[in-house]
Amino acid sequence: MIDIAARLEGIAPFHVMDILARARAMEAQGRSIIHLEIGEPDFPTPSAVVEAGIAALREGHTHYTPALGLPSLRAAIAASYLPECAVTAERVVVTPGASGALTLICAALVNPGDEVLMTDPGYPCNRHFVRLFGGVAVSIPVGPNTAYQLTPELIRRHWTKQTRAVLLASPSNPTGTIIADADMAKIADTVTELGGALIVDEIYHGLIYGSSVKSALCHTPDVFVLNSFSKYYGMTGWRLGWLVTPAKFLLALDRLAQNVFLASSTPAQYATLAAFRTDVMAELNQRRDVFRERRDYLLPALRQLGFGIPVTPEGAFYLYADASRFTNDSMAFAEQLLEKTGVAITPGIDFGAHRANEHVRFSYANTMENLREAVKRIGGFVARS
């Protein structure tokens, strides 16, 4: 009997998928379900992008592109950054989603036994990518005092001879918090001084409310920045992302891309060119404003119900809430909330180990009408807890 590779022992499942599967089954039985667990925009892909994708198919754009992506798309991505970031098209790598970008980064950087520092709580797949290449994900407990982000002090404290890189996310999933420009500059300087690589996940960068935050690329050219067309651009199912790399890694990443996935989806790349049109960008910014309105409703509403959200999230579409007033088992709490009220949320155990059983994540990628109904149902549930 052939055994499964040992590396898979450390790849944990998404517990929220069990919640989602149960929610779908309940919907099929006629139950009213409000989805606050799903991490994707509820808006459809902009129609101009869809039409561009259809046109690409009709025009026969179904063959391979260069491994690094369509030159015109790489140029459009580069031009989307502020001039002071000095991003050139040559440094842009188009990938099958941000996951494809992180695969390339870890393959290029991580040797067996190398450590990569990251936050706990944090997006769970990040630690799994590191493990996939034999590395060690060092999850550093963070809390409200640092806005759930790493600081230069935390990085220095946990740095060892085995540390290879630091992985940050701004805005973060699950907390929605950001790293201010001054803090990002200090972190970049610290990582450079320590001789490591800096990786910054900017997947939710287009969904920042109020604060003006530059890309990490504006602070240093020696940073790997990954992004995606999934969240701000509303193109989750198109599976397209990108990576901006330090120039010295470009040839190696080209070889990797050729061998790992050959090229990203050609129709998706042609479709995405339309995402940079002025009218489409205006539509996307209007959607961002809607997300902000939803946050501004749901945040105080959940606080009033007794959930602890000490830091106002400035990006993404999540609220990471302390539910210790109601439970010490976030999975059981999420399951019971779904069964009793039809409201689906994500248990904190999906995002790490630090106080994970005391936290849950709410996504506000849903209509205001549904958010109000969800608050009503949750309020009744916690009142009986």
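The values are calculated or read from the model by the stated rules, or taken from the named source; none is laboratory data. These figures come from a predicted structure and were not determined experimentally. Reconstructed Cβ throughout: ideal geometry from the backbone, glycine too, with neighbour counts over all protein chains shown. These accessible areas exclude ligands, DNA and RNA; they are computed on the full protein's heavy atoms, side chains included. Shrake-Rupley method; radii C 1.70, N 1.55, O 1.52, S 1.80 Å.
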Subject >> D222 paired with A332, simple spin-label distance in nm, labels 7 Å along Cα-to-beta-carbon >> reply: 5.0
Original post:
Excluding ligands, DNA and RNA, what is the solvent-accessible area per residue of the range 1-154 at a probe of 1.4 Å, expressed in Å²?
Top reply: 48
**OP:** Express the C-alpha Rg of the range 207-316 as a ratio against the empirical globular expectation 2.2 N^0.38 Å, rounded to two decimals.
**Re:** 1.37
**OP:** Taking amide H positions as placed in the peptide plane 1.01 Å from N, state which residues far from G315 in sequence (5 or more) or on other chains have amide H under 5 Å from it.
**Re:** Y209
Original post:
Given 0.36 nm per residue, what is the gain on full extension from T62 to R24 after removing their alpha carbon distance, in nm?
Top reply: 10.3 nm
Subject >> In order through the range 332-343: 3J(HN,Hα) via Karplus (6.51 cos²θ - 1.76 cosθ + 1.60), integer Hz, x for Gly, Pro >> reply: 4, 4, 5, 5, 5, 4, 5, 5, 7, 10, x, 9
Subject >> Cα-derived Rg to Rh of the range 1-95, Kirkwood definition >> reply: 1.13
**OP:** Count the DSSP beta bridges whose two residues both fall in the chain, then state the antiparallel fraction as a percent rounded to the nearest 5.
**Re:** 45
Subject >> Compactness of the range 320-383 - radius of gyration and Dmax, Cα, Å >> reply: 11.4, 33
Original post:
Can you list the equivalent-ellipsoid semi-axes of the range 241-385, largest first and in whole Å, using the square root of 5 times each Cα gyration tensor eigenvalue?
Top reply: 38, 21, 14
Subject >> Quotient of C-alpha Rg and 2.2 N^0.38 Å, computed over the range 147-290 >> reply: 1.14
**OP:** Determine the alpha carbon to alpha carbon distance for each of K161/K231; K161/K214; K186/K231 and list only those over 29 Å.
**Re:** K161/K231; K161/K214
Subject >> Counted charge near L194, where neighbours are those whose Cβ lies closer than 13 Å (Asp, Glu -1; Lys, Arg +1) >> reply: 0
**OP:** Quick one: check the C-alpha center-to-center distance for the range 58-86 versus the range 177-251, whole angstrom.
**Re:** 18
Subject >> Distant-in-sequence amide H partners of I140 (H built 1.01 Å from N, under 5 Å) >> reply: M118, T119, D120
Subject >> Cleavage-rule hits, trypsin sites (Lys or Arg not before Pro), the range 125-166, DSSP coil, Cβ neighbours within 10 Å at most 11 >> reply: K161
Subject >> Placed amide H near A169: partners under 5 Å, 5+ positions off or other chain >> reply: D201
**OP:** State the percentage of accessible surface on the chain attributable to carbon and sulfur atoms; use a 1.4 Å probe and exclude ligands, DNA and RNA.
**Re:** 52
**OP:** Return one whole number: the accessible area per residue of the range 264-303 in Å², for a 1.4 Å probe.
**Re:** 44
**OP:** Pairs of Cα atoms under 8 Å, at least six residues apart: use those to get the relative contact order of the range 94-211, whole percent.
**Re:** 24
Original post:
If you place +1 on the Cβ of every Lys and Arg, -1 on the Cβ of every Asp and Glu, and leave all else neutral, what size is the dipole of the chain about its Cα centre, to the nearest 20 Debye?
Top reply: 280
Original post:
Where the only charges are on Cβ atoms (+1 Lys, Arg; -1 Asp, Glu), what is the dipole of the range 28-166 about its Cα centre, to the nearest 20 debye?
Top reply: 400
Original post:
In whole Hz, what ³J(HN,Hα) sequence does the range 202-219 give by Karplus (6.51, -1.76, 1.60; θ = phi - 60°), x for Gly and Pro?
Top reply: 10, 4, 9, 5, x, 9, 10, 10, x, 5, 9, 10, 7, 5, 4, 5, 7, 9
**OP:** State the cysteines of the chain left without a partner when partners are defined as other cysteines whose beta carbon lies under 4.7 Å away.
**Re:** C106, C125
Original post:
What list of ³J(HN,Hα) values in whole Hz, one per residue of the range 275-289 in order, does the Karplus curve 6.51 cos²θ - 1.76 cosθ + 1.60 (θ = phi - 60°) give from phi, with Gly and Pro shown as x?
Top reply: 5, 8, 5, 4, 5, 5, 4, 5, 5, 5, 5, 5, 5, 4, 5
**OP:** Please identify every one of the GluC sites (Glu not before Pro) in the range 4-107 that sits in a loop by DSSP and has no more than 10 other beta carbons within 10 Å of its own beta carbon.
**Re:** E59
**OP:** Mind computing the radius of gyration and Dmax over the alpha-carbon atoms of the chain? Å is fine for both.
**Re:** 20.7, 60
**OP:** Sequence neighbours fewer than 8 away in the same chain don't count; with that in mind, list the aspartates and glutamates whose C-alpha is under 19 Å from K340.
**Re:** D18, E27, E37, D329, E373
